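Asker: Here you go, one structure.
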Amino acid sequence: PRVIFSGIQPTGIPHLGNFFGALLNWVKLQNDARPEDKLIFSIVGWHALTLPQDPQALRTARREILAVLLAIGLDPRRSVIFHQDANPDHTELAWILNCLTPVGKLRRMTTWKSKLATSRNANDESEVDESLLNAGLFTYPVLQAADILAYKATHVPVGEDQEQHLELSRDLADIFNRTFKARSSLFPLPQHIITPSRRILSMRDPSSKMSKSSPDQNSRILLTDSMSAVQKKIRSAVTDSITGVTYDPQNRPGAANLLTILAACTGEDASAVAARYADKGHGALKADVADAVEEVLKGPRAEFEKLRGQTEYLDGVARQGAERAREISGETLREVRARVGLV
Ligand code: TYM
């Protein structure tokens, strides 16, 4: 049987990148799962703390993200849905894995390197300054590995930007298995499940991915955006001045991104979609993308509006989810403690 695990940070309402890169696939995996498969989805509050968060905004985001997950079709009867911070097993395992993680591996993480690149010594701009970055940011990928391994997950549906973190999870599973050998390996090596729309780009700058942290609100489409907001953001999406539409991610990333989004909405292949627009312009493509996105978002948006105020129901779902999560991870942690000699 498969154990599917994934997570999302409560740093605001998810955008189309989160949705097509990961969340939509969570729902599909849930709906196609066999009864013996386990599905576990976590809202990872501890990861969010690696960047400064306003406590009130974080409280709201935690609850809203849960409402979004339910609104898009995750079903608490079939999937374990919970807040990471309600299960201390994650941090305990993270500590143990930290003690097995070579610092050099963490220094090679591209997310760390890009944070470091923007952190410059005030007196000497040519020097990067680690003292401005917190240690949580550095060991972030180890906590992520702990999230996954605490459930002995076999499959992890995430976007392309998480590939390196998942590779580290496999490395740490392997290091643990070899360091604490017993009759059998404790951890399976978690596999990546990736969607065709693994990387959705910014609507304003197609050289970067769509992200929650970009200061430009128009660079991302949120799952709860109104129809007019969706239309406006897609109409103003940056493309190119070449006539006709082709799917060419290398040379025409903006147009390719729109085709990827349209393909994700209709469940087609992006190049097949492109063929239909060969002699049309970007305007026609954008109008159809806006319609298709609206079609996908309108159900979840209405459901979200219904759920967001039902705090008692949401808190109940989270509480039950956490209980089920702790049952599974508690078993793993008992084995981990026994193997490392902490019993
Ligand atoms: P987070 O919260 O940044 O993103 C959640 C999911 O959305 C995907 N994603 C994208 N996919 C395609 N195009 C984009 N522009 C885009 N932006 C985001 C991400 O790949 C992710 O799947 N470190 C993780 C959270 C995490 C986690 C875990 C995931 C913590 N522990 C354990 C899996 C397993 C993160 O920051 O995701």
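Asker: How are the Cα pair distances of the stretch 217-305 distributed, in percent, across 10 Å bins from 0?
Answerer: Spelled out bin by bin, the stretch 217-305 gives 18, 51, 26, 5, 0 percent.
Asker: Measure nothing but the geometry: give the 0 to 90° angle between the long axis through the Cα atoms of 135-149 and the longest principal axis through the Cα atoms of the chain, rounded to 10°.
Answerer: Between the helix axis and the principal axis of the chain, the angle is about 80 degrees.
Asker: Using the Cα gyration tensor of the stretch 244-292, with a ≥ b ≥ c the square roots of its eigenvalues, what is the shape: rounded (a/c below 1.5), prolate (a/b larger than b/c) or oblate (neither)?
Answerer: It is rounded, given that a/c, with a ≥ b ≥ c, falls under 1.5.
Asker: Search the structure for amide H atoms under 5 Å from the amide H of Ile193, placed 1.01 Å from N in the peptide plane, and list their residues when 5 or more places away or on another chain.
Answerer: Val156, Val158
Asker: While we're on this one: What is the stretch 96-232's relative contact order, in percent, from Cα pairs under 8 angstrom and six or more apart in sequence?
Answerer: Reported as a whole number, the value is 18 percent.
Asker: Share of antiparallel DSSP beta bridges in the chain, in percent to the nearest 5?
Answerer: Here the share of antiparallel DSSP bridges comes out near 20 percent.
Asker: Please label the shape of the stretch 160-227 as rounded, prolate or oblate, based on the square roots a ≥ b ≥ c of the eigenvalues of the alpha-carbon gyration tensor (a/c under 1.5 means rounded; beyond that, a/b larger than b/c means prolate, else oblate).
Answerer: It comes out prolate by the Cα gyration axes.
Asker: For the chain, find the longest principal axis of its Cα atoms and tell me its angle to the long axis of helix 55-71, 0 to 90°, nearest 10.
Answerer: Long axis of 55-71 versus the principal axis of the chain: about 70 degrees.
Asker: Can you give the percent of C-alpha pairs in the chain whose distance is more than 36 Å?
Answerer: 24 percent
Asker: Still on this structure, please answer the following. Need the full-extension length gain, Val103 to Asp161, defined as separation in residues times 0.36 nm minus the C-alpha distance. One decimal, nm.
Answerer: Extra length available between Val103 and Asp161 comes to 18.8 nm.
Asker: Sticking with this one: For a Förster distance of 56 Å, can you work out the FRET efficiency between the beta-carbons of Ile242 and Arg2, rounded to the nearest 0.05?
Answerer: 0.80
Asker: List the relative contact order of the stretch 217-305 as a percent without decimals, with contacts defined as Cα pairs under 8 Å and 6+ residues apart.
Answerer: Across the stretch 217-305, relative contact order equals 34 percent.
Asker: Could you compute the longest span of the chain free of GluC sites (Glu not before Pro) located in DSSP loops and having at most 15 other Cβ atoms within 10 Å, not counting the site residues?
Answerer: Answer from the scan: 128-267.
Asker: For helix 89-98, what angle does its Cα long axis make with the longest principal axis of the chain, in degrees from 0 to 90 and rounded to 10?
Answerer: With both axes taken from Cα atoms, the answer is about 80 degrees.
Asker: Taking a ≥ b ≥ c as the square roots of the eigenvalues of the Cα gyration tensor of the stretch 179-333, is the shape rounded (a/c under 1.5), prolate (a/b larger than b/c) or oblate?
Answerer: Judged from the Cα gyration tensor, the stretch 179-333 comes out oblate (a/c at least 1.5, b/c at or above a/b).
Asker: Right, something else. Provide the convex hull volume over Cα atoms per residue for the stretch 201-257, in Å³. Provide the component values of the computation, followed by the final result.
Answerer: Details: hull volume 4.9 nm³, N = 57.
Taking only Cα atoms, the stretch 201-257 has a hull volume of 86 Å³ per residue.
Asker: Can you give me the Cα centroid spacing of the stretch 136-199 and the stretch 67-106 in angstrom?
Answerer: Result: 11 Å between the Cα centres.
Only the coordinates and a few stated rules stand behind these numbers; no lab work does. What you see is a predicted model, and the numbers here were worked out from it, not measured in a lab. A quick note on method: Cβ atoms are made from the backbone with ideal geometry, for glycine too, and the neighbour counts reach across all protein chains shown.
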